[in-house]
Amino acid sequence: MNIKTTRDSLLSQLAQIRQTYDEKLAPLSEQQLLWKPSPDRWGILECLAHLNMASQYYVRQLQLKWEQNSTAGTQTSEFEMSINGKLILRFLDPKSSVKIPAPSMFKPKPYHLDVPKVKQTFVEVLEDFSNFIEKSDRIDWNLRVLSPFSTWLKFRLGDVLIFVTAHLQRHLNQALKVMQEPAFAKVL
């Protein structure tokens with residue numbers, strides 16, 4: 001895949017994610033954000049908190065790679081996802097019907113659910129991630145990025161850009177589905 005075309009597509013997707021958040025989720029009341037369809041399902045704020053935790057890890061990794069490698073420049077204009085990246089994308093893609101439980105390190109706990117903080121962090125994560133993608137054509141997309149799960153599991157930087165964007169969309173869609181629950185309309 002062409003790096004410039006992929007980068008532009010990711011930026012467009014992130015702009016749409018931000019617009020959807022601003023229009024549909026940001027205006028919701030604290031009660032609406034905290035409401036859960038059932039005890040075993042996440043509410044909107046839990047979806048956002050989960051995205052914050054997972055995305056912040058990768059944003060930090062990407063910033064570290066930038067600091068270490070930004071002067072090197074991109075070695076090629078083409079990129080191919082690694083097997084690990086394709087596998088993760090298969091699970092995180094918003095179109096995928098495969099449901100996998102969130103790793104415990106990224107499961108929101110009650111103390112993570114500070115409404116103003118979660119909302120602010122979500123916007124910051126989107127901005128930081130978008131800023132990195134804007135300049136990502138000046139760094140090698142084949143650089144290795146550590147997984148949060150194991151030091152032996154690594155992804156290509158380009159893999160991370162693609163699957164984090166898909167992950168953001170997947171859980172944004174999940175949050176929007178919460179709003180479609182019949183009981184949601186009764187929440188003030």
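Observations on the model:
- Per residue, the chain exposes 54 Å² of accessible surface when a 1.4 Å probe is rolled over the protein heavy atoms with every protein chain present.
- Shape metrics for the range 30-87, restricted to C-alpha atoms - Rg then Dmax, Å: 18.0, 50
- Once C-alpha pairs closer than 8 Å and six or more residues apart are averaged by separation and normalised to the residue number of the range 113-170, the relative contact order reads 21 percent.
- Based on Cα contacts under 8 Å between residues 6+ apart, the range 83-188 shows a relative contact order of 38 percent.
- Ranked by the mean number of other Cβ atoms within 10 Å of their residues, highest first, the peptides 154-163, 125-134 fall in the order 154-163, 125-134.
- Of 24/135; 24/177; 36/99, those spanning more than 23 Å from alpha-carbon to alpha-carbon: 24/135
- Mean silhouette area of the chain, derived from the convex hull of its C-alpha atoms and averaged over all directions, reads 10.7 nm².
- Largest mean-square fluctuation among 101, 37, 27, in a Gaussian network model of the chain whose springs join Cα atoms under 10 Å apart, belongs to 101.
- Helix-derived mean residue ellipticity, 222 nm - over the chain, DSSP H n ≥ 4, -39500 (n - 2.57), to 500: -18500 deg cm²/dmol
- A Gaussian network model of the chain, with springs between Cα atoms under 10 Å, assigns the largest mean-square fluctuation among 81, 105, 53 to 105.
- The chain: relative contact order as a whole-number percent, Cα under 8 Å and 6+ apart: 40 percent
- Note on residue 95: aspartates and glutamates with a C-alpha under 18 Å away, same-chain residues under 8 apart excluded, are 159.
- Taking label points 7 Å from Cα along the Cα-to-Cβ direction, residue 76 and residue 107 give a separation of 4.0 nm.
- For the range 74-108, the residues whose backbone nitrogen is under 18 Å from a point 7 Å from the Cα of residue 64, taken along Cα to Cβ, are 105-106.
- With every protein chain in place, the range 26-139: carbon and sulfur % of accessible area (1.4 Å): 52 percent
- Base-10 log of normalised Debye intensity for the range 1-110 (one unit scatterer per alpha-carbon) at q = 0.14, 0.19, 0.24 Å⁻¹: -0.82, -1.35, -1.58
The values are calculated or read from the model by the stated rules, or taken from the named source; none is laboratory data. These numbers were taken from a predicted model, which means no experiment stands behind them. Please note: Cβ atoms are built from the backbone with ideal geometry, for glycine as well, and neighbour counts cover all protein chains shown. In case anyone asks, the SASA skips ligands and DNA or RNA and just uses the protein heavy atoms, side chains included. Shrake-Rupley method; radii C 1.70, N 1.55, O 1.52, S 1.80 Å.
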